[in-house]
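To start, the structure itself, in structure tokens.
The values are calculated or read from the model by the stated rules, or taken from the named source; none is laboratory data. None of the values given here were measured: they were computed from a predicted structure. Note that we place each Cβ from the backbone using ideal geometry, even for glycine, and neighbour counts take in every protein chain shown.
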Amino acid sequence: MELIQRPRRLRGSDAVRRLCRETRMSPDSLIYPIFVDETLQGVRPIEALPGQNHYGLDSVYLAVEECLAAGVNHCILFGLPATKDPVGSSAWAEDGVVQQAIRAIKAKYPDFYVITDVCMCEYTDHGHCGILNGHEVDNDKTLEVLAKTALSHVQAGADMVAPSDMMDGRVAAIRAALDEHGYTGTPIMAYSAKYASAFYGPFRSAAGSAPSFGDRKGYQMDPHNGREALKECALDIEEGADIIMVKPALSYLDVIRACSEAYDVPMCAYQVSGEYAMIKATAAAGLIDEYRILCESAVSIFRAGANMLITYYAKELAEAIRKGDIG
Ligand code: PBG
């Protein structure tokens with residue numbers, strides 16, 4: 001055979017494969033989710049998310065130390081409050097669980113980057129992501145409490161806020177509240193294209209945030225829609241979002257690709273609890289090689305165009321990147 005083009009030439013050794021990788025990854029692009037439970041002392045494994053823990057306020061620093069040891073320097077915080085009510089007032093309390101957790105982390109590790117998830121579903125007694133009007137989430141009333149919540153996180157020392165509620169206009173409302181109080185330099189990462197997904201199941205069990213009736217289809221996006229994601233990202237950027245996000249990740253690689261090509265802002269992807277749990281369960285059944293699958297999944301998300309990734313596998317991935325197995 002007289003073949004001029006032989007793509008296999010660039011696959012002949014580990015050295016040449018590593019030379020030619022198109023997708024480059026760094027532990028700097030990884031964000032680890034941390035769950036803090038106000039009622040807990042110490043550390044408790046999360047049943048729905050094997051390998052993940054709930055941390056008490058007295059021990060959240062341990063989660064940070066594990067991240068730092070693995071080379072992960074960014075987290076996103078989720079709170080499980082001691083009390084809930086119809087409007088989720090513990091979400092913006094000065095001594096709320098997330099506010100206390102931020103202070104506890106920053107007291108020990110001021111340079112560890114703390115992003116906070118801004119949403120009402122963990123704090124409302126009905127489990128919806130905002131204030132109800134009958135059985136509907138009232139968009140505009142919810143904006144006020146989201147803005148108050150985001151502001152209180154920043155006042156407690158959060159480096160970045162990430163609204164995950166999918167109300168219309170939340171980025172503008174949060175930007176205005178932060179700016180009004182002088183926090184013009186604090187970035188907003190918007191969960192811009194967040195789908196009404198069954199992949200959040202284990203998270204809702206871990207965060208105690210499942211809706212007590214109905215579902216989130218009235219505010220989160222319909223999985224059938226791709227173009228609508230472009231519109232959601234455009235609106236969030238117009239309103240002042242510094243980073244946009246697509247969530248979940250693996251079933252939405254087309255959306256990650258489209259949004260990352262369309263907009264010149266950093267794009268985050270969230271490999272959610274169900275994606276993680278599927279890998280864990282399949283590996284526990286002996287059906288797949290967990291390490292190779294977690295690596296390949298992350299590579300595919302970055303290849304699709306994500307610039308950063310929120311994942312329960314952040315520590316494992318940082319190690320894999322450092323070893324050169326990926327990235
Ligand atoms: C809060 C929120 C959810 C997730 C992140 N922020 C749950 C939901 O929207 O029901 C899901 C994260 C995951 O599944 O890992 N609204």
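Points to keep in mind about this one:
- Among residues of segment 213-232, those that are within 13 Å of the ligand (Cβ to nearest atom) and either out of contact with any strand residue (DSSP E or B) (no Cβ under 8 Å at 6 or more places or on another chain) or of a type in the set (A, V, I, L, M, F, W, C) (or both), counted: 5
- Some residue of segment 145-162 being under 22 Å from E228 (Cα atoms) and either at pLDDT below 95 or within 16 Å of the ligand (Cβ to nearest atom) (or both): yes
- Residue within segment 91-105 that is touching a Lys or Arg at 6+ places or on another chain (Cβ under 7 Å) and surrounded by 20 or more Cβ atoms within 10 Å (Cβ to Cβ) present: yes
- Exactly one residue out of L57, L68 is under 19 Å from H153 (Cα atoms) and at pLDDT 95 or above: that is L57.
- When the strands (runs of 3 or more DSSP E) confined to segment 2-77 are screened for residues that are surrounded by 14 or more Cβ atoms within 10 Å (Cβ to Cβ), those reaching at least 3 such residues are found at 30-37, 53-55.
- Meets criteria (hydroxyl-bearing (S, T, Y), within 10 Å of the ligand (Cβ to nearest atom) and assigned to a helix (DSSP H, G or I)) for Y200: yes
- Only residues that are under 25 Å from T116 (Cα atoms) and part of a helix (DSSP H, G or I) were counted across segment 306-327, and they come to 6.
- Those residues of segment 174-193 which are more than 18 Å from G218 (Cβ to Cβ), within 16 Å of the ligand (Cβ to nearest atom) and within 17 Å of the chain's Cα centre (by Cα), in sequence order: I188, M189, A190
- Complete set of residues in segment 203-220 that are hydrophobic (A, V, I, L, M, F, W, C) and either under 30 Å from D264 (Cα atoms) or in a helix (DSSP H, G or I) (or both): F203, A206, A207
- For R44, the criteria (1) in contact (Cβ under 8 Å) with a residue 40 or more places away in the chain; (2) touching a His at 6+ places or on another chain (Cβ under 6 Å) hold in every case but one, which is (1).
- Consider segment 107-145 and keep the residues that are among the β-branched types (V, I, T) and in a strand (DSSP E or B). The one that is surrounded by the fewest Cβ atoms within 10 Å (Cβ to Cβ) is I115.
A quick yes/no check of all residues on (1) surrounded by 15 or more Cβ atoms within 10 Å (Cβ to Cβ); (2) not basic (K, R):
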{"site": "K194", "(1), (2)": "yes, no"}
{"site": "A198", "(1), (2)": "no, yes"}
{"site": "R204", "(1), (2)": "yes, no"}
{"site": "R227", "(1), (2)": "no, no"}
{"site": "K231", "(1), (2)": "no, no"}
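- V171 vs. criteria of a type outside the set (S, T, Y), in contact with an Asp or Glu (Cβ under 7 Å, 6 or more places away or on another chain), within 16 Å of the ligand (Cβ to nearest atom) and within 23 Å of K217 (Cβ to Cβ): yes
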